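Just so it is clear, none of the values below were taken in a lab; they were calculated from the coordinates. Predicted model only: the values in this text are computed from it and were never measured. Note that we place each Cβ from the backbone using ideal geometry, even for glycine, and neighbour counts take in every protein chain shown.
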Amino acid sequence: MSKLASRADSWYNRGVKLLCFESGGTPSKRVTNLLWRLVNMTTLPLPTPESNPSEKRCSKCKRMWPATPEYFCRDKKTKDGLHAGCKQCKSEYNASRSEEDRKSHKAWLEAHKEEQKQYNKHYYAEHREKKILSHRQWREEHCEEIKAYELQYRSEHHEELLLGYKRYNAVHREERARKSKLYRSTEHGKLLRRTVENNRRARKKAIPGILTEEQILHKLKLQRYRCYYAACGHSKFEKAKGKYVFHLEHTIPVSRAEEGPRHDIDYVVLACPSCNLRKHDRLPHEFFEGGRLF
């Protein structure tokens, strides 16, 4: 009996790996302990891949992946915060159903057009500042890409855009005239109009170069809002109706084509009306009171 109990105890412990191993006492006590273990003792389970907390099995492909957001999408509804399927299976599923989903989504939008329009309007009203900020930030980060895309689009759809502009101008002629008149009365509008007229005059006389409104404003800041010539004591430009009064002065006069005048920012300065009229068509070194050689 003692020998049989000892063998049974060894065989049981070798197969199921009990939590504790007891090998002492009388044969009858060993048999009692063995029967008690079979009924009440909790055994340790064999190690499985799921017991490793750093890995997770995908519900689709059944492969083990690290239990991180790099391999599984986040899901707040689950205990571990990760989706049951891995990202690879999800991307394959989306690729197989992308066309079908696109068609069904388009059909849903067509059926709920007014509802979606009201939702978008309400959402934009609540998150207006956030949307404007994110849109502005995105445009700043992708400035070069946007310019390249717009340039390519205009070149490919030139006739279509031209036709659209003509159609819009014909319908909104009075509105555009009113807005244009209002803009021309502002400081930027007047400066832009003068710049366009100067560029046109230079083109008519076949003078190379071109000026922009931004270059003139930059030149105004560089001269610290003062006249370029000394005849007036480099006086500060006067202000009339909230804007500075100055003349766009070509250091080499446009009328003296033999001297090689240019209509760009390196050959143009800002002068007060009195100095510009006194200089007339003279070169800087011929305008002695101006105090400039160039």
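Here are a few things to note about the model shown:
- Considering the range 128-238 at the alpha-carbon level, its Rg and Dmax are found to be 19.9, 55 Å.
- Glu99 sits among other residues whose Cβ lies under 15 Å from its own Cβ, and their net charge, with Lys and Arg +1 and Asp and Glu -1, is +1.
- Reduced Cα scattering model of the range 51-141, Debye log10 I(q)/I(0), q = 0.17, 0.22, 0.25 Å⁻¹: -0.95, -0.96, -1.05
- Measuring max minus min along each principal axis, the C-alpha atoms of the range 184-290 give extents of 39, 31, 20 Å (largest first).
- Sites Ser255 and Leu182 - FRET efficiency at Förster radius 41 Å, r taken between beta-carbons, to 0.05: 0.70
- Calculated P(r) of the range 118-158 - Cα pairs past 11 Å, %: 69
- Nitroxide proxy distance, nm - points 7 Å out along Cα→Cβ at Ser98 and Arg194: 5.6
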